[in-house]
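Mind looking over this structure? Questions follow.
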Amino acid sequence: MRHDHLITSKQLSRADIETVLDRAAEIDADPEAVADRHANALLGLLFFEPSTRTKMSFETAMKRLGGDVVDMGSVESSSVKKGETLADTVRVIEGYTDALVLRHPKQGAAAMASEFVDVPLLNAGDGAGHHPTQTLLDLYTIQENAGLDDLTIGIMGDLKYGRTVHSLAYALTNFDTRQHFISPESLQLPREVVYDLHQQGEDTQIREHDALEPVLSSLDVLYVTRIQRERFPDEEEYQKVAGEYQIDTETLEAASDELTVMHPLPRVDEIAPEIDDTDYAAYFEQAHNAVPVRMALLDLFLRDHGTGTGTRTGAATATADAANGDGGEADE
Ligand code: NCD
């Protein structure tokens, strides 16, 4: 995989995705083998929006590779409060670290910030835009539960503001999928995303619906999302759609026994807790898959940028690879 940064899932080919998922599976099977792989490497965490899973799983991933993190902390306690620009912030922190993870409320922020840095920058969510590292762990979970080809997936909830949805939909066009988008009319996928999906995937079928019921029985995967309250310009508009599209065990009576229910989390009230203990539920497994998948991503990006042992000189990359028995060859 040869990318300077990871900004959107649009940049990922099927081969890129397979490289990450294969590496994640290797790491999942034998995490001890990579325990010192990036000793001394430092990952900079820049989260301008709340996060639990994404931030903590990146931190866990870096530490499980032998490295560590430096965390900008909350916006309130950083120099952003004094009016520092994002461009200046990332330029400063890249000087301390080997890679950066950025979450920001503005769509396009990660793409802009990446133009100012040489270390790899991974987009951990830019407003209602993209969330490609979430997509890779979603794909890993789909692969484990349902397989990625000949897949029928329903993606339901806030398709307008849900960045995990945008990233997942683009990535799935690399595979043979039927994608059903289920939402209230006011929260449909942005038209430009629908247009792009039609352009990108010859093997992808796209359908939009306002109800789950007509498609439920055909689904291999149902990917449920939270209504993104914080992105609504108007609380009244949020209230009009809040609480729509909830599922419980009764809803799923019409589903296939093989159905896999996913959710990027956090959930509010979209999935009744009674589903948690059924065979449908894969959302906690999905959250746990964040660690091997983000370990794989960090490993690939740090190696491709010559920081195999966490030194900014990259001098020891080949040694680290050789020590792990793979001869130091580059991944495609
Ligand atoms: C998602 C996000 O931040 O976009 N959370 C996550 O990273 N797992 C989904 C959400 O907030 O609804």
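Need the full-extension length gain, Glu285 to Gln200, defined as separation in residues times 0.36 nm minus the C-alpha distance. One decimal, nm.
Working: separation 85, 0.36 × 85 = 30.60 nm, distance 2.96 nm.
Full extension of this stretch gives 27.6 nm more.
What is the distance in Å between the Cα centres of the range 40-87 and the range 94-110?
9 Å
From the Cα trace of the chain, what convex hull volume per residue do you get, rounded to a whole Å³? Don't skip to the answer; put the middle values down first.
Values: hull volume 42.6 nm³, N = 332.
Cα-based convex hull of the chain, divided per residue, equals 128 Å³.
Still on this model: Taking a quarter of the surface of the convex hull around the Cα atoms of the range 1-49, what do you get in nm²? List each step's numbers first, then the result.
Working: hull surface 19.9 nm².
Projected area, direction-averaged: 5.0 nm².
Next question. How high is the relative contact order of the chain, in percent, with contacts defined as C-alpha pairs under 8 Å that are six or more residues apart? Numbers along the way, then the final one.
Working: 653 pairs, mean separation 70.4, N = 332.
Once normalised by length, the contact order is 21 percent.
In this model, which of Lys55/Lys240; Lys10/Lys106; Lys55/Lys81; Lys82/Lys106 are farther than 24 Å apart at the alpha-carbon? Provide the component values of the computation, followed by the final result.
Details: Lys55/Lys240 31 Å; Lys10/Lys106 18 Å; Lys55/Lys81 21 Å; Lys82/Lys106 19 Å.
Violating the 24 Å limit, Cα to Cα: Lys55/Lys240.
Dipole size in debye (nearest 20) for the chain around its Cα centre, Lys and Arg Cβ +1, Asp and Glu Cβ -1? Could you put the intermediate results ahead of the total?
Details: 27 positive and 61 negative charges, 297 e Å.
That gives a dipole near 1420 debye.
Excluding ligands, DNA and RNA, what is the solvent-accessible area per residue of the range 132-287 at a probe of 1.4 Å, expressed in Å²?
Details: 6700 Å² over 156 residues.
Here the per-residue accessible area is 43 Å².
Continuing with the same structure: Among Thr173, Leu212, Leu302, pick out the residue whose Cα is farthest towards the positive end of the charge dipole of the chain, where Lys and Arg carry +1 and Asp and Glu carry -1 on C-beta, about the Cα centre.
Leu302
In the chain, with Lys and Arg counted as +1 and Asp and Glu as -1 at Cβ, which of these residues, Asn40, Leu259, Pro184, has the Cα nearest the positive end of the dipole, that is, farthest along it?
Result: Asn40.
Leaving out ligands, DNA and RNA, what percent of the accessible area of the range 1-102 is carbon and sulfur, probe 1.4 Å? Spell out each step's value before the answer.
Working: 2310 of 4700 Å².
Answer for the range 1-102 is 49 percent, counting heavy atoms of protein chains only.
Please report the Cα spread of the range 132-287 along all three principal axes, rounded to whole Å, starting with the longest.
If we take the Cα atoms of the range 132-287, the spans are 41, 38, 30 Å.
What is the local net charge at Glu274, summed over the other residues whose Cβ is closer than 10 Å to its Cβ (Lys, Arg +1; Asp, Glu -1)?
Details: positive: none; negative: Asp248, Glu250, Asp276, Asp277.
Value of the local net charge: -4.
Something else: May I ask you to give the percent of accessible area on the range 132-287 that is carbon plus sulfur, with a probe radius of 1.4 Å? Kindly include the intermediate steps, with their values, before the conclusion.
On the way: 2700 of 6700 Å².
The computed percentage sits at 40.
May I pose another question? Can you compute the helix-only [θ] at 222 nm over the chain? Use -39500 (n - 2.57) per DSSP H run of at least 4 residues, normalise by all residues, nearest 500 deg cm²/dmol. Numbers along the way, then the final one.
Numbers: 12 runs with 116 residues, N = 332.
The helix-only estimate for the chain comes to -10000 deg cm²/dmol at 222 nm.
Okay, next question. From the residues Ser78, Met112, Gln228, which one has its Cα farthest along the dipole of the chain in the positive direction, the dipole being from +1 and -1 charges on Cβ of Lys/Arg and Asp/Glu about the Cα centre?
In the chain, that residue is Ser78.
Using per-residue counts of other Cβ atoms within 10 Å, averaged over each peptide, order 54-64, 136-146, 208-218 from highest down.
Working: 54-64: 20.9, 136-146: 23.0, 208-218: 14.5.
Top to bottom by mean Cβ count within 10 Å: 136-146, 54-64, 208-218.
Further question: Can you give me the angle between helix 14-29 and the longest principal axis of the chain, using Cα atoms only, in degrees from 0 to 90, rounded to the nearest 10?
Helix 14-29 sits roughly 80 degrees off the main axis of the chain.
The values are calculated or read from the model by the stated rules, or taken from the named source; none is laboratory data. None of these values were measured; they are calculated from a predicted model. Methodologically, a virtual Cβ is constructed for each residue, glycine included, from the backbone with ideal geometry; neighbour enumeration extends over all protein chains shown. Protein only, heavy atoms only, side chains kept; ligands, DNA and RNA dropped before computing areas. Shrake-Rupley method; radii C 1.70, N 1.55, O 1.52, S 1.80 Å.
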